[in-house]
1. Given axes a ≥ b ≥ c from the Cα gyration tensor, I'd like to know whether the range 94-204 is rounded (a/c under 1.5), prolate (a/b larger than b/c) or oblate.
2. How much length, in nm to one decimal, is gained on full extension between D153 and T104, taken as 0.36 nm per residue of separation minus their Cα-Cα distance?
3. Assuming R0 = 22 Å, can you tell me the calculated FRET efficiency for the pair D29 and Q173, based on Cβ-Cβ distance, to the nearest 0.05?
4. Set the Förster distance to 45 Å, then compute FRET efficiency between F96 and R62 from the Cβ-Cβ distance, nearest 0.05.
5. With an 8 Å Cα cut-off and a minimum separation of 6 or more residues, compute the relative contact order for the range 102-233 in percent.
6. Could you give the nm distance between label points at E187 and L21, where each point is 7 Å from its Cα heading toward the beta carbon?
7. For the peptides 134-144, 198-208, 160-170, what is the packing order when you average, over each peptide's residues, the other Cβ atoms within 10 Å and list the highest mean first?
Amino acid sequence: MTVDDRRAWETVLAHIENDLLWGRLKPGDRLPGERALAADLGVGRSSVREAIRVLEVLGLVRTNVGSGPTAGAIIVALPGGGMSALMRLQVAAQGFPVADIVKTRLILETAVAAELAEAVLSAALLHPDRLDPDLTRCVQLLDAMDADGLTEDEFLALDAAFHLSLAEACGNQVVIATMAGLRTAIEGYVRAGVTRLTSWSATSVRLRAEHRGILAAIEAADPAEAHSLVHAHISGYYAETRLHPVS
């Protein structure tokens with residue numbers, strides 16, 4: 001088997017990716033059969049099977065044997081799902097430095113908060129009768145964090161979900177996929193930092209207040225304040241855990 005033969009599955013992946021990007025395939029659609037794809041692309045059926053296995057691992061397709069409408073390889077997610085899966089694998093395999101993760105959060109999440117505030121302002125001017133962006137999920141998560149008796153792990157899981165919910169409200173699929181992919185790494189360093197805190201009780205009270213402040217700045221359509229508060233929130237916890245500061 002030549003190198004070209006061994007890498008032929010990449011041709012299949014590229015073909016399917018192109019169909020997804022151009023809308024020729026979408027969630028719910030079934031991929032052509034192995035024989036058809038192999039003939040169309042000039043590759044062996046084993047290469048088609050290898051490509052489909054990769055897509056299945058990434059969560060982009062689900063395969064079923066047999067016949068009927070649910071048989072074969074069905075598209076179950078858009079490429080963002082695969083991007084998140086790849087990011088999680090990279091995090092698990094390489095253990096990105098905490099400082100790099102925090103810097104990435106600062107870039108992404110400050111921009112998300114500012115964009116949400118700008119969207120609120122735009123909606124107020126152009127569509128005053130419409131709730132846009134929808135921050136309902138963000139509010140629900142903050143309310144859940146106010147519940148009595150939460151363990152540290154429960155609180156921090158809600159905390160991570162809140163930050164992801166802001167990205168989801170913003171609607172940028174690349175940012176959402178990146179945030180989702182980094183979520184395990186973010187939760188990992190945040191949990192590890194708890195042991196370095198002087199008082200978890202005091203810190204959790206402060207984090208709640210900061211979350212409310214961020215959401216209030218977004219709802220008040222103040223992009224600069226939202227940006228500043230998110231930066232202070234993320235870098236403040238990192239500094240409080242006595243890890244290296246992030247500029």
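What follows is calculated from the coordinates using simple rules that are stated; it is not laboratory data. No experiment lies behind these values; they were computed from the predicted model shown. Because the Cβ atoms are built from the backbone with ideal geometry, glycine has one as well, and the counts that use them run over all protein chains shown.
1. Oblate.
2. Working it through step by step, the gained length comes to 15.4 nm.
3. 0.75
4. After rounding, the FRET efficiency stands at 0.90.
5. 43
6. Label at E187, label at L21, 3.2 nm between them.
7. 160-170, 134-144, 198-208
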